[in-house]
Every structure is written in C-alpha cells, then in structure tokens.
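The values are calculated or read from the model by the stated rules, or taken from the named source; none is laboratory data. Here the structure is a predicted model, which is why all the values come from computation and not from measurement. Glycine also receives a Cβ, built like all others from the backbone with ideal geometry; neighbour counts cover every protein chain displayed. For accessibility, only protein heavy atoms count, side chains too; no ligands or nucleic acids. Shrake-Rupley method; radii C 1.70, N 1.55, O 1.52, S 1.80 Å.
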Amino acid sequence: MIIDSIQNGIVIDHITAGKAMELYNILGLDKLDCTVAILKNVTSGKLGRKDIIKIDREMELDWDLIGYVDPTITVNIIHDGKLVEKRGLKLPERIRGVLKCKNPRCITSVEQELPQEFLLTDPAKRVYRCIYCETEAGK
Amino acid sequence: MENLIDIMQLSTEEIDELVKTGCDIMEHPAEYAHKCDGKILATLFFEPSTRTRLSFESAMLSLGGQVLGFSSAASSSASKGESVADTIRVVSAYCDIIAMRHPKEGAPLVATQHSLVPVINAGDGGHNHPTQTLTDLITIHKEKGHFDNLTIGFCGDLKFGRTVHSLVAAMSRYTGVRFVFVSPEELKLPRYVKEQYVKSKNIPYTQSTCLEEVMPELDILYMTRVQKERFFNEEDYLRLKDSYILTPEKLENAKEDLRILHPLPRVNEISVAVDEDPRACYFKQAQNGRYIRMALIMKLLGIQ
C-alpha cells in the first residue's frame, strides 16, 4: 500500500499496533480539515507490527498526551519534504483535563468544575493517581 | 505559606521537632499559654467530628488564641451549594489558620489552592487525617522513647482505615520497623499502600487473620473500628463489624510493655475490661492529640 509522503506536517510513528484510533480521538484529529492518514498493523522491524498517523499540516501537539497514550511513539516533524525534528516521548509527570477520576468519594465528583489532574506515581507500571484523592486512573 | 494535607509532607526531622515541642508543651503548658494571643483558628467541619474539632479548638484556646467555625455542612453555606473554593476564599479572610474536615477526598487540597492562610487537613473522607497520625506518633514516642526497631500490629479495618494507611506510611521511614497486619480477607490493607510503603522499602511484614496468633510479637497494637460510613452495603458492615474484638484473654500472651492504641471513637472492638490494663493507651493518646495540634498550629503560624 502506498501513502504519499508529506511536504509539511507530522508523522506519528511507532504507535503500538491498535492504538492509532485512540490517539486520533484523544488528539482531536477528527476536527482537522487537512489529510490525515491512519496506517494500522504496518510491519515494523522494532515492534513487529505498529500503527502510524500522518498529518498533512504543521501543528502544535500535546506531547504529554501522546506520551501518556503510548510512550514508545516517535514523532517526526517534516518541513519542505525534509525531516527537521525527530522526537522520542516519555510518560508525562502530570496529565491535565484528559482523564476523569472515577472515585465517587473524590471532591471532583461533586465539584465538577475543578480541573481534573493526575500525577505519575509509578513510572514502571504507568500508574497515574488523581491529585485530589490519589485514586488510580481508570480504577 | 505552609499547609498540612498529608503526613508525608513532613520530613522525619519535622516530625521529631513537632513531637519534641508537643512533649515540652505537656511538661510546661504555662510557657505556651500566650503563644497565639490575637490569632484566630477557623474550624470548618463539613462533616461532624466532635473529638477532632474539640481537640483543635482546645489546642488553639490553650495557646491563647480564639476559635470560630461550624460543625456540620448543614450549618454552613455548603448547604446552599457554595463550592469549597468560595467558602475558603471568604473564611480565610476572617482567620489566621484553618482546620478543615470534609467528607469528600481531596477537598482540603482544593482549600489550599484558594486560602490566604495555612490549611490543616482534619480528615477528608477515607483519604488522609495527618493530625491523627501525628497524635499516634507522639504517643508511640512518649511510650517507647523512640520510633526505630518496633513491631507494630494493625488490627481491624485496614482497607478503609485512613489512619492505618497514614501511620504505615509515616512509620515506614524509620529503621528496624516491622509490620503485622491483622484483618478479615475483605478488609485487608490495599495493595497500593503495601507496595508503596512496605514492599518497595523491603520492610518485613506478616499478614494474619488471627490476632491471638501474632500478639506475642507486638510492641504496638493499633486497633481500628470497622466504620459503617465506609461501606456502601449494610449487609457487609453487619457481617464484619464484630470480627476483631480485643479482650483481656487475647492479651494474655502479649508483651508486658505492649502499648495499645486506637484512634477512637471505640464501638466494641476493644472490650471495656481492657481499659484498666496498663498497656491501654488510647485515652492518653486522645490527650496527646491536643498537645501535638498545639505544636502544629505554632509551626504553621511560624511561632517559636
């Protein structure tokens, strides 16, 4: 399968196979009017299989958010058809406004205008905890 | 500006200093009687708790300060739907320090983000209760003379018992400590507490469902109440509430210098017959709470 190379834009590479749609949705790429290509299950020497997203436009990305979804990702910035920046990611220390605390006893369950914020407490196990009640994200 | 939301915010040096000041206040109360003249403590209790509130108020009055506040959400503007942030913005303009209890976890942290004065967490749901832990620590130190090389048994509700989690965390920083966790299967210490404060620090521990079996090993026995308000389901509460009751018979094999602590209030988990035992410390512990809160109020107000 041939996908055109891009002149000015972003290639999100080495996405764990199956995670491209999650990333597409969480980054709000559905709102873009430029060409966005999602490649699933691409053969990869490093990962076996991987997903790739190509965005045919230069734009600001939420690096923390991408790192949270999948820290194995590499982001390539393309300008005038050339690779100008290659960026590896890591798990962000804090995540704001993405995850929602599910603890019914948390203050955020009654005061819903409070900003939702999670802190990385165990990088090895990728555990994030609510800054208010310390409940693990997703639990 | 300093706040106290979680006991782990305090270094062991700061805890030692607070315990030292608390003990000095016990010995020489008159020297501290005017330390907070002209200062006001606001006790904002969105959830009723007679003893913690009275302990804070007694502490401030003993320092020469004054007290204002409310003792339930119904008597505050929270009943009209005011947010924690707004309540704190207003109240912090009327006082020099706040002690706050709230049924929702994390509410005191929200308070610190909007307060003009130091905030002390006086309990937020099943989450943190740092001044109870300070009370436990000053009692252990006063009775044993040190924090190192102690075997500490925790009995009862170790799952929802916030005082247990905080004391495990605080004691995990001392050397030669050993933990013994005694609870029914359903109320075991949460895995994350064990991982974070016990396993990751290679602290030796045992888990048991039988109190008598582990009794001879203990230097400290920390009893807890199985709290009705922590259960969503009444059936579970009724089934588990009488699981672990301390009686004089169960103490027969205990060490002579064992010390029994309990955050109070007690329901029936310690038989009243144990109250006469010289190893029972829980009422002394409640008294110590006043002195350590005095030390804490002084520290957060920057008073020497």
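Residues in the stretch B:115-139 that are modelled with pLDDT of 95 or more and in contact with an Asp or Glu (Cβ under 9 Å, 6 or more places away or on another chain): B:117, B:118, B:121, B:130.
Taking the stated definitions as given, is residue B:38 open to solvent by 10 Å² or more (accessible area, probe 1.4 Å) and either in contact with a Lys or Arg (Cβ under 8 Å, 6 or more places away or on another chain) or under 16 Å from residue B:298 (Cβ atoms) (or both)? Yes, satisfied. All of A:75, A:84 fail the test of being more than 19 Å from residue A:38 (Cα to Cα), more than 14 Å from every other protein chain (Cβ to nearest Cβ) and assigned to a strand (DSSP E or B), apart from A:84.
Taken together, B:168, B:177, B:164 contain a single residue that is among the β-branched types (Val, Ile, Thr), outside the structural domain of residue B:22 (by TED's automatic domain parsing), closer than 25 Å to residue B:284 by Cα and surrounded by fewer than 24 Cβ atoms within 10 Å (Cβ to Cβ), which is B:177.
How many residues does the stretch B:109-143 hold that are at the interface with another protein chain (Cβ under 9 Å from one of its Cβ atoms) and assigned to a helix (DSSP H, G or I)? Lay out the reasoning, then the answer.
As a first pass, look at the stretch B:109-143 and keep what is at the interface with another protein chain (Cβ under 9 Å from one of its Cβ atoms): B:109-110, B:124-128.
If we keep only those that are assigned to a helix (DSSP H, G or I) as well, we get B:109-110.
Counting residues in the stretch B:109-143 that are at the interface with another protein chain (Cβ under 9 Å from one of its Cβ atoms) and assigned to a helix (DSSP H, G or I) gives 2.
Within the stretch B:252-271, not a single residue is assigned by TED's automatic domain parsing to the domain that holds residue B:135, closer than 30 Å to residue A:136 by Cα and β-branched (Val, Ile, Thr).
Within the stretch A:111-123, restricting attention to residues that are buried (at least 16 other Cβ atoms within 10 Å of the Cβ) and part of a loop (DSSP other than H, G, I, E, B), which residue is farthest from the other protein chains (Cβ to nearest Cβ)? My answer is A:116. Identify all residues within the stretch A:88-110 that are open to solvent by 50 Å² or more (accessible area, probe 1.4 Å) and either more than 12 Å from chain B (Cβ to nearest Cβ) or touching a strand residue (DSSP E or B) at 6+ places or on another chain (Cβ under 6 Å) (or both); write none if there are none. Across the stretch A:88-110, the qualifying residues are A:88, A:90, A:93, A:94, A:96, A:97, A:98, A:100, A:102, A:105. All of B:99, B:59 fail the test of being open to solvent by less than 50 Å² (accessible area, probe 1.4 Å), in a strand (DSSP E or B) and closer than 23 Å to residue B:301 by Cβ, apart from B:99. If only residues of the stretch A:124-139 that are within 11 Å of chain B (Cβ to nearest Cβ) and over 12 Å from residue B:192 (Cβ atoms) are counted, the one that is most open to solvent (accessible area, probe 1.4 Å) is A:124.
Counting the residues of the stretch B:6-35 that are crowded, with 20+ Cβ neighbours inside 10 Å and under 17 Å from the mean Cα position of the chain (by Cα) gives 6. The helices (runs of 4 or more DSSP H) located wholly in the stretch B:161-250 that include 1 or more residues which are farther than 20 Å from residue B:7 by Cα and basic (Lys, Arg) occupy B:234-240. Could you say whether any residue in the stretch B:263-274 is part of a helix (DSSP H, G or I), loosely packed, with under 12 Cβ neighbours inside 10 Å and not polar (S, T, N, Q)? Scanning the stretch B:263-274 turns up at least one residue that is part of a helix (DSSP H, G or I), loosely packed, with under 12 Cβ neighbours inside 10 Å and not polar (S, T, N, Q).
All conditions but one from (1) closer than 24 Å to residue A:80 by Cβ; (2) surrounded by fewer than 19 Cβ atoms within 10 Å (Cβ to Cβ); (3) not basic (Lys, Arg) apply to residue A:55; the one that does not is (2). Is it the case that some residue within the stretch B:70-86 is more than 14 Å from chain A (Cβ to nearest Cβ) and crowded, with 20+ Cβ neighbours inside 10 Å? Within the stretch B:70-86, not a single residue is more than 14 Å from chain A (Cβ to nearest Cβ) and crowded, with 20+ Cβ neighbours inside 10 Å. Answer with yes or no whether residue B:120 is in contact with a Leu (Cβ under 6 Å, 6 or more places away or on another chain) and open to solvent by less than 20 Å² (accessible area, probe 1.4 Å). So residue B:120 passes the test.
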